[in-house]
Amino acid sequence: MLTAPDEGRFAHDKNWIVCDNGRASRFAGTCYVAWTAAGVGLAVSRSTDGGSTWSAPTLEPEAPGYGFVPLARPDGSLVVVYTTQQAIMSVRSGDGGRSFSAPRLVTTLL
């Protein structure tokens, strides 16, 4: 199963996967893979068939960082937490990972 095309160079880093199993979620059964896309920041692909196929990645250049970790919340929203050089940040999606909010500060790093 392929979530992003091979670009002939190292371009995908620190992949994390989560599946929405919230009973009340309108996205129940959707799985998400998040990773650091070189030169962009956050990349997220979705699967609604147990990982057999994946959507084209949503790229979010407003979330430059690394170590993206997705969290499917019981209400169907997707939160992605990540690190920058100075802080831990998060973005949120209410539409199944198709778009994301502006980044929000979780905490600063010393």
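The values are calculated or read from the model by the stated rules, or taken from the named source; none is laboratory data. From a predicted model like this one, the values you see are computed outputs, not experimental measurements. Quick reminder, even Gly has a Cβ in these numbers, built from the backbone with ideal geometry, and neighbours come from all protein chains shown. Each accessible area value is taken on the protein alone, full model and side chains, heavy atoms only, with ligands, DNA and RNA left out. Shrake-Rupley method; radii C 1.70, N 1.55, O 1.52, S 1.80 Å.
Numbers for the structure displayed
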item	result
Cβ-placed point charges (K, R +1; D, E -1), dipole of region 7-110 about Cα centre in debye, nearest 20	180 debye
From phi via Karplus (6.51, -1.76, 1.60), per-residue ³J(HN,Hα) for region 22-29 in Hz, x at Gly/Pro	x, 4, 8, 6, 6, 10, 3, x
Percent accessible area from carbon and sulfur atoms, region 39-110, protein chains only, probe 1.4 Å	56 percent
Calculated from backbone phi, Karplus (6.51, -1.76, 1.60) coupling profile of region 31-41 in Hz, x at Gly/Pro	10, 10, 10, 10, 7, 8, 8, 3, x, 10, x
Amide H contacts under 5 Å for G96, placed H, 5+ residues apart	L78
3J(HN,Hα) from dihedral phi, region 87-99, Karplus parametrisation 6.51/-1.76/1.60, rounded to Hz, x for glycine, proline	7, 9, 10, 8, 10, 10, 10, x, 10, x, x, 7, 8
Relative contact order (%) - the chain, alpha-carbon pairs under 8 angstrom, separation at least six	22 percent
Sequence-distant residues sharing a close amide H with A63 (under 5 Å, placed H)	L42
Amide H within-cut-off set for W54, under 5 Å, with H built and near neighbours excluded	none
Rounded accessible area per residue of the chain, 1.4 Å, Å²	58 Å²
Debye intensity ratio I(q)/I(0), log10, region 14-74, q values 0.23 Å⁻¹ (C-alpha model)	-0.90
Globularity ratio of the chain, using Cα Rg and 2.2 N^0.38 Å	1.03
